[in-house]
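Structure first, then comments.
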Amino acid sequence: MEIPAALAFVDLETTGTNPLTDRITEIGMVLMDGEQEESWSSLVNPGVEISPFIEQLTGISNSMVATAPTFAELADPLFARLQGRLFIAHNARFDYGFLKQEFARSGLRFQADTLCTVKLSRQLFPEHQKHNLDALMQRHGLTAPCRHRALADASLIHQFWQTLQAEPGPAAIAAAMKNQISQTRLPPHLEARAVEALPEAAGVYSFFGTDDQALHVGRAKNLRKQVFSHFTSPRNLRMHQEIRRLDWQECPGDIGARLLEDRLVKTLQPLHNRPRKSSSVLLTWRLDDLGEGRLKPCLVEAHAQDFTLDTPCYGLFKSPREALEILRALATEQGLCDTLLGLEQTAPGKPCCGITAKRCKGACIGRETPAQHSMRLIGALIRHKLQPWPYNGPALLREGDEAHLVDAWRYLGSIRDTSDLPSLLNTSRPAFDQDIYRLLVRQLGRFEPLKHPRAWADASVPR
């Protein structure tokens with residue numbers, strides 16, 4: 001990989017660490033064009049208060065930025081300075097994320113290849129444990145007049161880059177850079193503008209081919225990074241040639257992304273995904289109370305169950321044969337009675353086949369009571385018990401600015417505003433799905449039961 005001639009060494013000072021809520025207070029850059037160098041910096045009026053902690057750390061006070069330009073005023077010339085340059089920063093994700101967010105607020109879509117000098121230092125000097133700027137200063141003899149000011153720190157990054165030219169040298173730098181920056185080749189039939197707006201956010205993406213055939217659906221913590229990884233891997237060469245269209249949808253987090261991905265894979269059936277079949281025909285064992293302490297396993301369809309605390313269910317099976325094999329294995333293992341389990345029909349008081357085979361403890365001929373047999377049956381089934389739905393109706397699972405509506409482990413949909421609740425509650429409840437159950441059951445402690453669900457369902461006016 002060749003090292004670009006146009007470089008930008010960038011450092012920012014900010015009011016905090018979150019680019020969505022915090023703001024930039026100072027920008028410092030050292031620009032290189034071959035042998036030519038230019039330094040530039042500016043304080044930035046963040047439009048929010050600088051906390052005493054941040055002021056003490058950076059030395060930048062509210063009074064210092066009061067008359068400084070806003071980022072919107074700097075956006076156009078700054079955008080022009082950075083265009084076409086390799087963006088180099090220490091913890092580049094932090095600085096790049098803040099700039100990208102600020103440019104977006106100004107109506108500009110900023111994209112650049114980035115190089116993180118923390119990662120670069122780790123790759124080139126793996127024998128050292130620390131790779132922060134203070135450690136680099138001490139290790140490489142770098143100097144800065146004022147640490148934690150943007151231009152001073154940008155100059156430190158530039159100095160570090162210059163020392164690397166001598167040792168270990170450009171070839172080693174280029175080899176290390178290759179692990180961070182991949183040469184991206186877009187699919188030949190996909191327009192460049194189709195990927196320009198890809199956000200660096202969690203979500204789900206879909207590739208489509210000729211005749212809008214779905215090719216692949218995937219989820220990502222960083223949509224832009226994940227989608228571009230498809231275009232750099234030789235393993236995806238076949239699909240690379242087939243792609244004609246790209247869709248994506250941002251999600252507030254991993255749960256929403258998993259739910260959406262599962263739904264799209266099952267509805268679109270993409271050619272290059274592992275097939276996932278709908279679980280609408282799943283079966284489960286339910287214990288029916290026949291009186292006098294006798295519980296009898298009844299094989300029922302999972303989609304018809306509400307998984308309440310009063311009616312526990314055991315196991316999820318794709319066929320009656322699979323369910324019966326499990327029950328027979330438990331009967332043999334625990335000495336359960338085939339007659340009381342419903343696996344065999346015998347006259348009252350007559351022994352089941354398990355008596356002859358010496359594997360039944362005799363519930364069929366009175367050696368133990370039905371209640372005793374039922375207790376052992378529950379104990380045998382406990383490893384297969386499904387988590388009951390603990391709420392009397394739907395519940396919300398909040399994630400970021402979104403909430404996922406769930407009822408009896410069925411995912412009904414996601415909302416960002418409560419005015420959308422009635423439409424979700426009035427839709428037909430989907431079939432029970434094993435994949436969705438396994439995902440949601442791990443989030444059980446985070447659910448919020450929906451108060452007065454019937455009133456919401458009947459609502460005609462948004463609340």
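Points worth noting:
- Set Ala80, Ala92: member being in the same structural domain as Leu156 (by TED's automatic domain parsing), surrounded by 21 or more Cβ atoms within 10 Å (Cβ to Cβ) and farther than 20 Å from Cys146 by Cα: Ala92
- The residue that is modelled with the highest pLDDT, among those in segment 102-148 that are basic (Lys, Arg) and over 24 Å from Ala174 (Cα atoms), is Arg105.
- Elements of the type strands (runs of 3 or more DSSP E) sitting completely within segment 1-64 and holding at least 2 residues that are of a type in the set (Ser, Thr, Tyr) and surrounded by fewer than 22 Cβ atoms within 10 Å (Cβ to Cβ): these cover 36-43.
- Odd one out for Phe71, checked against (1) loosely packed, with under 15 Cβ neighbours inside 10 Å; (2) in contact (Cβ under 8 Å) with a residue 40 or more places away in the chain; (3) touching a strand residue (DSSP E or B) at 6+ places or on another chain (Cβ under 7 Å): (1)
- Of the numbered criteria (1) among the small types (Gly, Ala, Ser); (2) surrounded by 15 or more Cβ atoms within 10 Å (Cβ to Cβ); (3) over 26 Å from Glu200 (Cα atoms); (4) modelled with pLDDT of 90 or more, the one Gly291 fails is (2).
- Considered as a group, the residues in segment 140-182 that are charged (D, E, K, R) and in contact (Cβ under 8 Å) with a residue 12 or more places away in the chain include one that is surrounded by the most Cβ atoms within 10 Å (Cβ to Cβ), and that residue is Asp153.
- For segment 83-94, the condition of being in contact (Cβ under 8 Å) with a residue 60 or more places away in the chain and aromatic (Phe, Trp, Tyr) holds for at least one residue.
- Some residue of segment 153-161 being assigned by TED's automatic domain parsing to the domain that holds Gln83, within 31 Å of the chain's Cα centre (by Cα) and of a type in the set (Asp, Glu): no
- Counting only residues that are out of contact with any helix residue (DSSP H, G or I) (no Cβ under 9 Å at 6 or more places or on another chain) and part of a strand (DSSP E or B), segment 290-313 holds 3 of them.
- Residues that are within 16 Å of His373 (Cβ to Cβ) and assigned to a helix (DSSP H, G or I), drawn from segment 329-349: Leu330, Ala331, Thr332, Glu333, Gln334, Asp338, Thr339, Leu340, Leu341
- Checking Arg429, Arg376, Arg398 one by one, the residue that is in contact (Cβ under 8 Å) with a residue 12 or more places away in the chain, surrounded by fewer than 20 Cβ atoms within 10 Å (Cβ to Cβ), closer than 30 Å to Thr21 by Cα and not β-branched (Val, Ile, Thr) is Arg398 and no other.
- In summary, Phe317 fulfils each of the numbered conditions (1) closer than 30 Å to Gln443 by Cβ; (2) within 23 Å of the chain's Cα centre (by Cα); (3) crowded, with 18+ Cβ neighbours inside 10 Å with the single exception of condition (2).
- Only one entry of Phe160, Phe110 meets the criterion of being of a type in the set (Phe, Trp, Tyr) and under 30 Å from Leu215 (Cα atoms), and that entry is Phe110.
- Test set (1) out of contact with any Phe, Trp or Tyr (no Cβ under 8 Å at 6 or more places or on another chain); (2) surrounded by 18 or more Cβ atoms within 10 Å (Cβ to Cβ); (3) aromatic (Phe, Trp, Tyr) - Tyr205 fails condition number: (1)
- Boolean, Leu259 is touching a Phe, Trp or Tyr at 6+ places or on another chain (Cβ under 8 Å), over 20 Å from Arg328 (Cα atoms) and either among the β-branched types (Val, Ile, Thr) or surrounded by 14 or more Cβ atoms within 10 Å (Cβ to Cβ) (or both): yes
- Segment 436-463 residues that are in the same structural domain as Ser419 (by TED's automatic domain parsing) and closer than 16 Å to Tyr411 by Cα, paired with ones that are modelled with pLDDT under 85 and buried (at least 17 other Cβ atoms within 10 Å of the Cβ) (beta carbon under 9 Å, 6 or more apart): Ile436/Ser279; Tyr437/Ser279; Leu450/Trp456
The values are calculated or read from the model by the stated rules, or taken from the named source; none is laboratory data. Since the model is a prediction, treat every value here as computed from it, not as a measurement. When we count neighbours, we look across all protein chains shown, and the Cβ atoms used for this are built from the backbone with ideal geometry, even at glycine.
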